[in-house]
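Engineer: Input: one structure, supplied below.
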Amino acid sequence: MTEFNPELIRKNVPLKDLVTFKLGGPAEFFYEAHNSDNLQAAVAYARRERMPLFILGGGSNLVVSDAGLDGLVVHNRSRDINLVDLDKHQITISSGFALAFVVTLAQQNGLTGIEPFTGIPGSLGGAIYGNAGAYGRCIADVLIDARVLFPDGSVQTVPNSFFKFDYRSSLLKTEPHIVLSARFQLEAGNCEEIRLKMDDIILQRHSKHPSCEVGCAGSFFKNLPPLPGEDRRRAAGSVLEQVGAKSMFYGGASVFQKHANFIINTGNATAADVKHLANMLKQKVMNDFGIELSEEVLYVGR
Ligand SMILES: Cc1cc2nc3c(=O)[nH]c(=O)nc-3n(C[C@H](O)[C@H](O)[C@H](O)COP(=O)(O)OP(=O)(O)OC[C@H]3O[C@@H](n4cnc5c(N)ncnc54)[C@H](O)[C@@H]3O)c2cc1C
């Protein structure tokens, strides 16, 4: 591991521009890790100094509190590993790469299996943390194994089963392990066909999601468990639509007109506005249907 230089830690760094919701307060201390060694060294430093630690990926699933985050925020931009094994149809890649980059890399190499992730923002590490997915496919379906940094500073390669993946969930939500890199199993495909599928998904997403200039963190609430006898989850968006969510707002936070499960920042929203609106929506769904919604986005900070 390289020597860590604490002088590269910056103080009181605004996080607003590093999260897709475009709101929230600063990081007390902030460090950008450009490779796996930097990442491990920064984590070791925070643990040695007993500082609270937060790993920031693409910031696309977060509501950062207005008061910001205590301790050290490590922005994971590690991109040192990027291997494509065309014989085995596998990709091994650092956790700081954007998921979008991995999807494109697979397409360019004629590897199919992850094109359903087209358009999901954020880093690979964040995608593993939340078992991101779309169009019937999730990270758990394609991950073989990953290199993980454990709280005691050791690094181990762990298999898919280690993560106890579930719907938008993994072991990482309860255990502070950090993903350094991951290996994916894909299949041989046709570059052009994969690209056409990706184009189709982009069109579908554009028709129902806000553009990237609009602050949001994707679907705000998790979809609901399937009804008895059905195997598909019920869209939280359709329940929200039925309670009139699309006309609801609070301060600078508003429900997106094309998708009732998206809360957007209309320009000057605070994290408190977003949380208040989310609670109004939860209350309405509980009152009207007796259903308890739970957040897919993560509230972080003081
Ligand atoms: C417009 C839009 C559309 C979206 N569509 C989808 C969708 O279709 N499907 C879907 O699943 N999600 C979707 N999302 C949500 C979001 O993009 C995903 O949850 C994404 O995987 C989060 O990754 P991130 O790097 O941004 O994580 P962040 O938001 O930065 O962090 C999320 C959590 O992951 C942890 N984390 C990050 N990196 C690591 C690491 N290396 N090791 C351990 N923990 C780590 C963080 O500490 C944090 O707790 C959407 C979001 C937006 C804004």
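The values are calculated or read from the model by the stated rules, or taken from the named source; none is laboratory data. Not measured: the values here are computed from a predicted model. No Cβ is skipped: glycine too gets one built from the backbone with ideal geometry, and neighbour counts run over all protein chains shown.
Engineer: So is residue 74 of a type in the set (A, V, I, L, M), surrounded by 20 or more Cβ atoms within 10 Å (Cβ to Cβ), within 17 Å of the chain's Cα centre (by Cα) and in a helix (DSSP H, G or I) or not?
Structural biologist: Working: of a type in the set (A, V, I, L, M): yes; surrounded by 20 or more Cβ atoms within 10 Å (Cβ to Cβ): yes; within 17 Å of the chain's Cα centre (by Cα): yes; in a helix (DSSP H, G or I): no.
When the stated conditions are applied, residue 74 does not pass them.
Engineer: Still on this model: Before we move on, is residue 235 crowded, with 21+ Cβ neighbours inside 10 Å and either more than 19 Å from the chain's Cα centre (by Cα) or free of Cβ contacts under 8 Å to residues at least 40 places away in the same chain (or both)?
Structural biologist: On the way: crowded, with 21+ Cβ neighbours inside 10 Å: no; either more than 19 Å from the chain's Cα centre (by Cα) or free of Cβ contacts under 8 Å to residues at least 40 places away in the same chain (or both): yes.
In short, no.
Engineer: A further question on this structure: Condition first: of a type outside the set (A, V, I, L, M) and closer than 14 Å to residue 297 by Cβ. Now tell me which residues in the range 260-271 satisfy that.
Structural biologist: We begin by selecting, within the range 260-271, every residue of a type outside the set (A, V, I, L, M); these are 261-262, 265-268, 270.
Within the range 260-271, 261, 262, 265 qualify.
Engineer: Moving on. Filter the range 185-207 down to residues that are polar (S, T, N, Q) and in a helix (DSSP H, G or I) and give me whichever is surrounded by the most Cβ atoms within 10 Å (Cβ to Cβ). Outline the logic, then answer.
Structural biologist: Going residue by residue through the range 185-207, those that are polar (S, T, N, Q) are 185, 190, 204, 207.
Next, only the ones that are in a helix (DSSP H, G or I) stay: 204, 207.
Numbers: 204: 14, 207: 9.
Selected residue: 204.
Residues checked against (1) more than 22 Å from residue 278 (Cα to Cα); (2) of a type in the set (A, V, I, L, M, F, W, C); (3) part of a strand (DSSP E or B); (4) at pLDDT below 95:
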residue	(1), (2), (3), (4)
12	yes, no, yes, no
24	no, no, no, no
27	yes, yes, yes, no
46	yes, yes, no, no
51	yes, yes, no, no
67	no, yes, no, no
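Engineer: Quick one: which residue in 163, 150, 184 is aromatic (Phe, Trp, Tyr) and more than 12 Å from the ligand (Cβ to nearest atom)? First the steps, then the outcome.
Structural biologist: On the way: 163 fails: more than 12 Å from the ligand (Cβ to nearest atom); 150 fails: more than 12 Å from the ligand (Cβ to nearest atom).
Just one listed residue meets the conditions, 184.
Engineer: Looking only at the range 123-147, how many residues end up being more than 12 Å from the ligand (Cβ to nearest atom) and either part of a strand (DSSP E or B) or farther than 19 Å from residue 186 by Cβ (or both)?
Structural biologist: Pass one, the range 123-147, residues more than 12 Å from the ligand (Cβ to nearest atom): 141-145.
Those left that are additionally either part of a strand (DSSP E or B) or farther than 19 Å from residue 186 by Cβ (or both): 143-145.
So the answer is 3.
Engineer: Next up: It is to be established whether one or more residues within the range 264-285 are closer than 22 Å to residue 25 by Cα and of a type in the set (D, E, K, R).
Structural biologist: The initial filter retains those residues of the range 264-285 that are closer than 22 Å to residue 25 by Cα, namely 264-279.
The next check asks that each one be of a type in the set (D, E, K, R); those that pass are 273, 275.
Yes.
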